[in-house]
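A.B. asks: Could you have a look at this structure, given as structure tokens, before my questions?
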Amino acid sequence: MTTTTAPRSRLDTARQVADAVLFEGYVLYPYRASAAKNRLRWQFGVLVPPAWGPAHEEHSLQQTQILMEPKGGATLAVELRFLHAQRRTVQQALDGGGFTDVAELHLDDRVLVPWDEGAEERIELTVKTAELAGAGTVLPFRRPAREESEPVLGPDGRCLGRLVRRTEEIEGVLRLHTTEVDGPYRVVRLTAVVENTSPWTPRPGTADRDAALPRSLVAAHLLLGLDAGSFLSMTDPPEWAKGAVAGCVNRHTWPVLAGAPGSADVVLSSPIILEDHPAIAPESAGAMYDSTEIDEILALRTSALTDQEKREARGTDARAAAVIELADSMPPEVLERLHGAVRGLREITGPDPSLDLVELADLPGPGEVLSGGGVFKPDTPWWDPARADPADPVRDRIPVDGVSVGAGSRVLLRPGLRRTDAQDLFLQGRAARVEAVLHDVDGGVHLAVTVEGDPGADIRREQGRYLYFQPDEVTPLEDE
């Protein structure tokens, strides 16, 4: 292991990615408060008050465990970051003086509406790693309730109204400690727990998440930096450390090495699963707060909004207004740069890993599965004009392990490691029900499924929002 220098400023390298985590899903295209998908917000890393969480299947704490090799008198820099939701109401000025709440306040360039904004909060701690042994250290923190108002002025300077922002009190605690790990090298397991300790309790008989959110830690995540020593990767540890890494327990968060590739002195523990050394694409021209989408698509769609839609977006949130300005002012050469970039090419490999390339004649034929992550293709494509019957996702069936599988069939999920979404791996071994058999234009077959025991399965069926697996990623089960 190598020793590197990681002062607090080194965290700046990882902060750009951390900002993307902090504001992921903050406001979604079309960036208007009236949009349905912007009415259910704050989905990632939300630590709710303890009195709210258990009854509503939400969490009040997250735990990070990762191995580290501190050198000498190493110092650990810790930064807890989260959003503090503040409720913004809109008031119109009355002719006789005073203000009254309104649903909308129309200005020349924007329409102001009530909205929950997110104020960034930061809890910082620097501690010698030697002081974390045993009981470690505990850092309580508190953010008081407050109320602020901002006047809304017209072009002539006349007061047209005001924005009133109310923030509720939140309390929490950050706990850190280390334990020695048996092995050939001196390694310690760092445990970092972030917990919402708010004493707030909901009124009896109410189940309003909006009341809990202003008292929650939203998009909570940790940045950790060593000034001497290194962390071990949780996804690619050295052989001698794999057992110890497997013994780490991470709850509602996942730590990855951050900073420049090759470095190991900074960790980002995020509620969104990332790979080691995540980075913002260099082509990205600015934050669009919808990181699951593509910047080019968002920029094109945003610039195509009507003038009235843009007025609503500008009045929704200052960050939404910045997205509108970014899309409207983006030069053609910058937009062209967003069109796409190839950062690496993976050669086609066959069953024998010693072969660099597979001859075309060696590739599987119809009805076979490409070894190591191809797409299952049936003997006859669904668009073959020789077929007498058209494609029918509800009635179509496909043989899987000699069993005919179609809508209504029960299957066991076995996501493929080389081609699956990381979230699908959490469904390994879960039973699911096939909702439809789908064929794509390339002849591939996909099974649309809902997971058994999922309380949102009925909603998924109504909206047609299924999970998709290929036939070689499932095992047929007997129908109940």
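Here, each number is a calculation from the coordinates, and none is a lab measurement. These numbers come from a predicted model, not from an experiment. Because the Cβ atoms are built from the backbone with ideal geometry, glycine has one as well, and the counts that use them run over all protein chains shown.
A.B. asks: Any idea what the dipole of the stretch 142-288 comes to, in debye rounded to 20, about its Cα centre with Lys/Arg Cβ at +1 and Asp/Glu Cβ at -1?
C.D. replies: So the dipole magnitude of the stretch 142-288 works out to roughly 580 debye.
A.B. asks: Limiting things to C-alpha atoms, what are the Rg and the maximum Cα-Cα separation (Dmax) for the stretch 114-199, in angstroms?
C.D. replies: 21.8, 74
A.B. asks: Under 19 Å Cα to Cα from residue 71, which aspartates and glutamates show up? Leave out anything in the same chain fewer than 8 places away.
C.D. replies: Filter leaves 131, 180, 182, 227, 265.
A.B. asks: Once both labels are modelled 7 Å past Cα along the beta-carbon direction, what's the residue 166-residue 148 spacing in nm?
C.D. replies: In this crude label model, residue 166 to residue 148 measures out at 1.7 nm.
A.B. asks: Please list, in order along the stretch 121-136, the HN-Hα scalar couplings obtained from phi with the Karplus expression 6.51 cos²θ - 1.76 cosθ + 1.60 (θ = phi - 60°), rounded to whole Hz, x for Gly and Pro.
C.D. replies: In residue order, the calculated couplings are 10, 9, 10, 10, 8, 10, 8, 5, 4, 5, 7, 8, 5, x, 6, x Hz.
A.B. asks: From the phi angles alone, apply the Karplus equation (6.51, -1.76, 1.60; θ = phi - 60°) to the stretch 32-39 and give each ³J(HN,Hα) in whole Hz, x where the residue is Gly or Pro.
C.D. replies: Once rounded to whole Hz, the list reads 10, 4, 6, 5, 4, 6, 9, 9.
A.B. asks: Please find the FRET efficiency linking residue 99 to residue 182, where r is the Cβ-Cβ separation and R0 is fixed at 45 Å, and quote it to the nearest 0.05.
C.D. replies: 0.10
A.B. asks: Still on this structure, please answer the following. Taking the Cβ-Cβ separation of residue 322 and residue 158 as r and a Förster radius of 25 Å, what is the calculated FRET efficiency to the nearest 0.05?
C.D. replies: Here the calculated transfer efficiency is 0.45.
A.B. asks: State log₁₀ I(q)/I(0) for the stretch 213-319 at q = 0.17, 0.20, 0.21, 0.24 Å⁻¹ as given by the Debye formula over alpha-carbon point scatterers of equal weight, solvent excluded.
C.D. replies: At q = 0.17, 0.20, 0.21, 0.24 Å⁻¹ the computed log10 ratios are -0.96, -1.13, -1.19, -1.34.
A.B. asks: From the backbone phi of the stretch 329-336, what are the Karplus-calculated ³J(HN,Hα) couplings (6.51 cos²θ - 1.76 cosθ + 1.60, θ = phi - 60°) in whole Hz, Gly and Pro given as x?
C.D. replies: 9, 6, x, x, 5, 6, 5, 5
A.B. asks: With only Lys, Arg, Asp and Glu charged, each at its Cβ (+1 for the first two, -1 for the last two), find how big the charge dipole of the stretch 217-304 is about the Cα centre; round to the nearest 20 debye.
C.D. replies: 340 debye
A.B. asks: Going from the alpha-carbon gyration tensor of the stretch 216-275, what semi-axes, largest first and in whole Å, does one get by taking the root of 5 times each eigenvalue?
C.D. replies: After diagonalising the Cα gyration tensor, the semi-axes are 20, 15, 10 Å.
A.B. asks: Next question, about the same structure. To the nearest 20 debye, what is the magnitude of the charge dipole of the stretch 99-171 about its Cα centre, counting +1 on the Cβ of each Lys and Arg and -1 on the Cβ of each Asp and Glu?
C.D. replies: 260 debye
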